[in-house]
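The structure under discussion appears below in the form of structure tokens.
The values are calculated or read from the model by the stated rules, or taken from the named source; none is laboratory data. These numbers come from a predicted model, not from an experiment. A quick note on method: Cβ atoms are made from the backbone with ideal geometry, for glycine too, and the neighbour counts reach across all protein chains shown. All accessible areas refer to the heavy atoms of the entire protein, side chains included, with ligands and DNA or RNA removed. Shrake-Rupley method; radii C 1.70, N 1.55, O 1.52, S 1.80 Å.
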There are 2 protein chains.
Amino acid sequence: MPTSVAGAIDFHPLRPRPEADAIEIVDQTRLPHEWLTVRIATADEAAHAIRTMQVRGAPLIGATAAYGLALALRADASDANLGAARAQLLATRPTAVNLRWALDRCVRAVESLPPSARAAAAWREADAIAAEDVTTNRAIGEHGLRLIEHLAAHTQPVQILTHCNAGALATLAFGTATAPIYLAHEAGITVHVWVSETRPRLQGAKLTTWELRARGVPHTLIVDAAGAALMRQGRVDIVLVGADRVAANGDVCNKIGTYEKALAAKDNGVPFYAAVPSTTIDWTIADGAGIPIEERAADEVLLLGGDASIAPPGTAVANPAFDVTPARLLTGIITERGVCAPGKLRTLFPE
Amino acid sequence: MPTSVAGAIDFHPLRPRPEADAIEIVDQTRLPHEWLTVRIATADEAAHAIRTMQVRGAPLIGATAAYGLALALRADASDANLGAARAQLLATRPTAVNLRWALDRCVRAVESLPPSARAAAAWREADAIAAEDVTTNRAIGEHGLRLIEHLAAHTQPVQILTHCNAGALATLAFGTATAPIYLAHEAGITVHVWVSETRPRLQGAKLTTWELRARGVPHTLIVDAAGAALMRQGRVDIVLVGADRVAANGDVCNKIGTYEKALAAKDNGVPFYAAVPSTTIDWTIADGAGIPIEERAADEVLLLGGDASIAPPGTAVANPAFDVTPARLLTGIITERGVCAPGKLRTLFPE
């Protein structure tokens, strides 16, 4: 793990420390300026880390919550505490479905066990979730790499636009949207990434640039509003984004602004893909209208860099954190089992 | 003119002070925190004010440049200085065509006069440009008001989305996109304005909120990426934007991000209008591809509120200030002569 930001190549946003009854996470609110690891030893601390977005990104939220549940059971493995810890962790963020999925998987793994066996079993389940995330993202990368190779046969650098951070920092490793990019870069394909800054919290500017730089992938930062213009100018070959929840019909809920980018891609014939592990698919929701959209604090918009408010005092703010991109605007969805049309997810994941 | 920001209702971003051989402008880079007037007594100072965006907005840039030329001629009314001042002022910003239009109008008004008569004639021409801007914007407001009245018959509040600041602060008075809003508000129609913050310079957050507040118009600030999601949720009844240059075919060049909003409006059946004085139409350019797009400094994106860079040191930045919205995405263009389909500008302004 890097101790300084510069020169960091092999970084892990979450490391289990079972010998210390804890996990270590990186406080991502301090990036790109500081690589600060934080020890998480209780469910309270895990919930705090998720709620304050020290950890963020759907897969990383899920894994952190799973370890949080295991930590809760180390302290008190009763049914009551199992239920309470699950509820506490589930309430941290409403949109990413991986959170519910990971918690429910851990609960199922331990609920029929005697309390004395629960903590260890929950920890093993969290370890499995974390390990599977790495192999899943690697597989997403391999499938996405085929798309980039296809483009590279016609033009290099392959110009890739991404939004927010669906990167290694949003997962245990590789990232989702970034996994194909990293594999293409390693394979010697010349790529260039347009990074949209992603207001209000600037995860593109702060996190995606940081990890692309750490891995030596050429990139250029833009404001969110510039992505469409670049597509119209023919300067984007493919758009790759992650997702916080995908409905059964292929509607994709992701960071606010994704929908606009999909519209621009469609208008300009630019292929647009969401790269998602199957754990991000919510089969219980028919379409995007059923996905709860988190409304976050006004100060995220108003206060930049701790400075005075950007708007007059008392200005009303709406701050939806996510939007829904209808399946019709996507070229496809990249999963660990391959790439499919957005409406055909069941062909890859039969019931 | 207000001396403090709070309570400001009747504000003028530019006031001629012929008795002082100067104009007074408001340093808009200080808003919303401070209403600071700056005395401009030379063409150099006028060019500086435009270049540093103390004054901005296509109509206000044009009027400021016209007075700048008059000030230049007060110092030296020779042909050489006339040409030099025109060139200096024209070079300040590349995209807004009102700048060239206003300068050329002043040059035409004075070039055949003896030097001794030029300064006064140029000042009169600048006064005329400024006065016409007010009547033009009022007329735009009246024509746009009809559209809002039509919507108000079905639903109130009428939900209006605007981008950047095509407001009173961008003109001599009323604004272009805001003129219909102010007239609707004065007419007792309940309106609510979604203000997109407009990265990187945040003219929406800093200027549009300020003037809507000064006039008591209800509004809510959003990040740029949220506009499309609001349209998809049915929370926007009409989009009104300004323009920096309109091509003869109705393609509209405006602040970066306008194109994305037009795509979202089209996708959701939301009427989308650009409100522009005829001085913003560039009849010499067939379509938007011919419009020069200003690329501005990386630090506008990287440095927010004087804080540390939002991205790692050395991050590459692309910062196009404007984009082109193709005419096919607009419902219409609101001018001082009425509203027309974007491709039918010549029906309002025959050659």
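Of B:Leu161, B:Leu113, B:Leu89, all but one fail to be more than 15 Å from B:Ala66 (Cβ to Cβ) and open to solvent by less than 10 Å² (accessible area, probe 1.4 Å); the exception is B:Leu161.
Filtering A:Gln203, A:Gln233 for residues that are of a type outside the set (Gly, Ala, Ser) and within 16 Å of the chain's Cα centre (by Cα) leaves a single hit, A:Gln203. When B:Val195 is tested against (1) touching a His at 6+ places or on another chain (Cβ under 8 Å); (2) open to solvent by 10 Å² or more (accessible area, probe 1.4 Å); (3) more than 8 Å from chain A (Cβ to nearest Cβ), exactly one condition is not met: (2). One residue alone among A:Gly227, A:Gly204, A:Gly216 is farther than 24 Å from A:Ile310 by Cα and assigned by TED's automatic domain parsing to the domain that holds A:Asp244, and that residue is A:Gly216. Candidates in the stretch A:42-62 are the residues that are in contact with a Leu (Cβ under 6 Å, 6 or more places away or on another chain) and more than 23 Å from A:Leu202 (Cα to Cα); of these, the one that is least open to solvent (accessible area, probe 1.4 Å) is A:Ala43. Selection of the stretch B:62-104 for residues being farther than 29 Å from B:Asp287 by Cα and outside any helix (DSSP H, G or I) yields B:Asp76, B:Ala77, B:Ser78. The single condition among (1) without any contact (Cβ under 8 Å) to a residue 60 or more places away in the chain; (2) of a type outside the set (Val, Ile, Thr); (3) outside the structural domain of A:Asp27 (by TED's automatic domain parsing) that A:Gln159 does not meet is (1).
Table: residues versus (1) more than 28 Å from A:Val217 (Cβ to Cβ); (2) under 18 Å from the mean Cα position of the chain (by Cα).
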{"site": "B:Ala243", "(1), (2)": "yes, yes"}
{"site": "B:Lys255", "(1), (2)": "yes, yes"}
{"site": "B:Glu260", "(1), (2)": "no, no"}
{"site": "B:Leu263", "(1), (2)": "yes, no"}
{"site": "B:Gly269", "(1), (2)": "yes, no"}
{"site": "B:Ile285", "(1), (2)": "yes, no"}
{"site": "B:Ile291", "(1), (2)": "yes, yes"}
{"site": "B:Ser309", "(1), (2)": "no, no"}
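If you go through the stretch B:248-269 and pick out every residue that is out of contact with any strand residue (DSSP E or B) (no Cβ under 6 Å at 6 or more places or on another chain) and either among the aliphatic types (A, V, I, L, M) or modelled with pLDDT under 95 (or both), you end up with 3.
Scanning the stretch B:164-191 for residues that are in contact (Cβ under 8 Å) with a residue 24 or more places away in the chain and open to solvent by 30 Å² or more (accessible area, probe 1.4 Å) yields a count of 4. Considered as a group, the residues in the stretch A:186-202 that are aliphatic (A, V, I, L, M) and not in a strand (DSSP E or B) include one that is nearest to B:Ala318 (Cα to Cα), and that residue is A:Leu202. Residue under question is A:Thr347, and the condition is that it be open to solvent by 30 Å² or more (accessible area, probe 1.4 Å), of a type in the set (Val, Ile, Thr) and more than 14 Å from chain B (Cβ to nearest Cβ); does it hold? So A:Thr347 passes the test.
Out of everything in the stretch A:281-332 that is among the small types (Gly, Ala, Ser) and out of contact with any strand residue (DSSP E or B) (no Cβ under 8 Å at 6 or more places or on another chain), what residue ends up being nearest to the other protein chains (Cβ to nearest Cβ)?
A:Gly305
Contact annotation: residue pairs with Cβ atoms under 8 Å, 6 or more positions apart or on different chains, pairing a residue in the stretch B:193-212 that is closer than 17 Å to B:Glu260 by Cβ with a partner that is surrounded by 24 or more Cβ atoms within 10 Å (Cβ to Cβ) and basic (Lys, Arg), are B:Ser196/B:Lys261; B:Glu197/A:Arg199; B:Thr198/B:Lys255; B:Arg199/A:Arg199; B:Gln203/B:Arg56; B:Gln203/B:Lys255. Exactly one residue out of A:Pro326, A:Pro312, A:Pro342, A:Pro320 is surrounded by 15 or more Cβ atoms within 10 Å (Cβ to Cβ), under 30 Å from A:Thr29 (Cβ atoms) and modelled with pLDDT of 95 or more: that is A:Pro320.
For the stretch B:223-230, the count of residues that are more than 9 Å from every other protein chain (Cβ to nearest Cβ) and either outside any strand (DSSP E or B) or among the aromatic types (Phe, Trp, Tyr) (or both) is zero. For the criterion of being of a type outside the set (Val, Ile, Thr), in contact with an Asp or Glu (Cβ under 8 Å, 6 or more places away or on another chain), open to solvent by 10 Å² or more (accessible area, probe 1.4 Å) and facing another protein chain (nearest Cβ under 10 Å), B:Arg245 fails.
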